[in-house]
1. Out of the residues in segment A:25-59 meeting the condition of being facing chain C (nearest Cβ under 8 Å) and surrounded by fewer than 18 Cβ atoms within 10 Å (Cβ to Cβ), tell me which one is farthest from residue A:87 (Cα to Cα).
2. Tell me, please, whether a residue that is free of Cβ contacts under 8 Å to residues at least 60 places away in the same chain and on the phi > 0 side of the Ramachandran plot can be found in segment A:270-288.
3. Taking residue C:91, is it in a strand (DSSP E or B), within 14 Å of another protein chain (Cβ to nearest Cβ) and within 17 Å of residue C:189 (Cα to Cα)?
4. When segment A:231-244 is examined, which residues are found to be within 13 Å of residue A:94 (Cα to Cα) and surrounded by fewer than 15 Cβ atoms within 10 Å (Cβ to Cβ)?
5. Would you mind stating whether residue B:66 is at the interface with chain A (Cβ under 10 Å from one of its Cβ atoms) and modelled with pLDDT of 95 or more?
6. Looking at segment C:128-144, can you tell me whether even one residue there is touching a residue at least 60 places away in the same chain (Cβ under 8 Å), under 25 Å from residue A:57 (Cβ atoms), touching a helix residue (DSSP H, G or I) at 6+ places or on another chain (Cβ under 6 Å) and crowded, with 24+ Cβ neighbours inside 10 Å?
7. How many of the residues in segment C:198-218 are crowded, with 24+ Cβ neighbours inside 10 Å and touching a helix residue (DSSP H, G or I) at 6+ places or on another chain (Cβ under 7 Å)?
8. From the list A:247, A:255, A:260, A:327, which residue is surrounded by fewer than 22 Cβ atoms within 10 Å (Cβ to Cβ) and without any contact (Cβ under 8 Å) to a residue 24 or more places away in the chain?
């Protein structure tokens, strides 16, 4: 058992290595840079590869190239870099190329307040790339959870053959916290399923009965197949046929949306008897948790619902929550992004309010307590 | 043990973030929970620098200092900036180059941290370790054994004796 | 009946290709495939990567590991492929706009790293797929749909660019002198490092028509009559170079190759550990 003080960004790299990361390509940007630095240090020692690319777009492109060649791959960035990566995230989605994209959020838009925290990329992590698609976005809220969620991000990427967005923020990325990592943990590690058939029979994008996604050959493994960002049929070659497009694009959405039971994770805190709920995630969920404790001590029946899987959203759970409480407050370090999703889901069943901030400051527990009390006593 | 919230402030390059990390690591060695965070300007050296440490026996949720129990300020600028965040009854540790502030609801320790490092020890960069020694004497927030262990595991090889002396000088600054 | 070359290296089920009559891309693709054939490379160990544009459709027709990426990013993807498995022979097929406009940054940095990738630029002096806009290699004064009064932009000399940025092998060929082009591609693939081959192609549909350069035969004849081999070029007085361009092997040096250097780093760290 290792007990130590670890930084959030450091825990991300430790988790990635535990998951089997063997390739990292990226570009330096605050506040994610430690992830690149620590990957550069660690990867060659385990026979992996690190490359600092010439720009953010090169970072995601090389990451996808590494994954197509068989290595578990990751890149990390922050706001402006996440914007630059979007086109190729879409490429990863349509070509079903597993990889992990870490976005340590900072204040924006544009260069914004580069060293200040924000949770302003909630919607960008859902709809950042163009076109209809589904995506998996995870958002841990402690150093220990960053470690395990990074492993899970790799597992989901490999299992569902898709880019997985791992959202962090400046606060949890940079803070150091106690973490305990067992020497011999029994963490499940998932690897992509590779084809074993004769290469002449390999259809690179055909899903076998009982499987969720097609088997994935690595370049150089003996299966000479084609990968394209164009709509393609089961062979991988481009097609303009509407039935082919319909089948492919809906399959890419369904493989995620139909497996929410497996993908969606969340934490519930003091919700059993609650009549007020706070929905909050990442660093701000920690402010909310302290606020819940304070409000409880003052007699308010408040609980916290913390999505760890942000996308696909925990729709079923939010409906259930909405049927139990008289009000939900969505507390997030932005102007009300996830609020739109929670209101869409829960708005028919209960009141949904929001509290946010976009000035580079953290939301304190005191502020949340004041907002809830003022509203409840109005 | 109650939740302890500490803020170390000064200018960039004074080793305050390292100081915060060391204190948090010492607390973990004592079996406590600890959380360290920081904020800084765009400058790598100079500019304002701030490190925060929270130590508790319980789970630490909110990761920032809200009711500051102890403020360390090595520069006038940082003392002026953060003094108001120190809660009534809190502890202020300032270098003796910083003016005594006009507050009578706090405990003030005005001690020669920078000059001890620079003149007595001959190495200005160990000011953070001197400060940690002094803070230990005031609060006993972590055990002396864990603090020394944490210092020695973070400082560059070959500087162990120097840093042990810095700690000792720090202990002695507060009687 | 398809030739042996077509049978062995093309995905015949995907033919015919999308290129226009008179397009030079087929000639460049053939030269590339002949080069691979004459080197006897294992098809399983060849990865052909492209970006977006007319030329970038070529990999879909070729029976290798093939990767048709996003606009301008072929070299960045290829860098990931090569790093992940340095055993692979990685060949990038790209166009003038793809490689030097939207992908210009990746090009100069791939040159700088001297990573073992062979890049063949199909230079048709225009954006063909989007209908004939001017590109960074459209000569100043020539027309495109976005340069209706003639192009005021100065144009790139791609080979000079690649040489200056650090490529260890640089050559230029034309779709007229296809045999020489093939030899240059062979030498490029054999070079352990970044190889850059500019293949001057023809686009009678857009660039040719817009600029009254005639049909495919006229455009190919132009390439024949104005290309001068490096040896002759070096002896030519400056005034006689006007309107002409140099072809052949332009630059060849030995420099440490990127993935080899990285593998050495891995080996040294593992020895220490």
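1. Here the answer is A:45.
2. yes
3. yes
4. Scanning segment A:231-244 gives no hits.
5. Here the answer is no, as residue B:66 does not meet what is asked.
6. Within segment C:128-144, one or more residues are touching a residue at least 60 places away in the same chain (Cβ under 8 Å), under 25 Å from residue A:57 (Cβ atoms), touching a helix residue (DSSP H, G or I) at 6+ places or on another chain (Cβ under 6 Å) and crowded, with 24+ Cβ neighbours inside 10 Å.
7. Within segment C:198-218, residues that are crowded, with 24+ Cβ neighbours inside 10 Å and touching a helix residue (DSSP H, G or I) at 6+ places or on another chain (Cβ under 7 Å) number 5.
8. A:247
The values are calculated or read from the model by the stated rules, or taken from the named source; none is laboratory data. Predicted model, so just to flag it, every value in this text is computed and none were measured. Note that each Cβ is placed from the backbone with ideal geometry, even for glycine, and that neighbours are counted across all protein chains shown.
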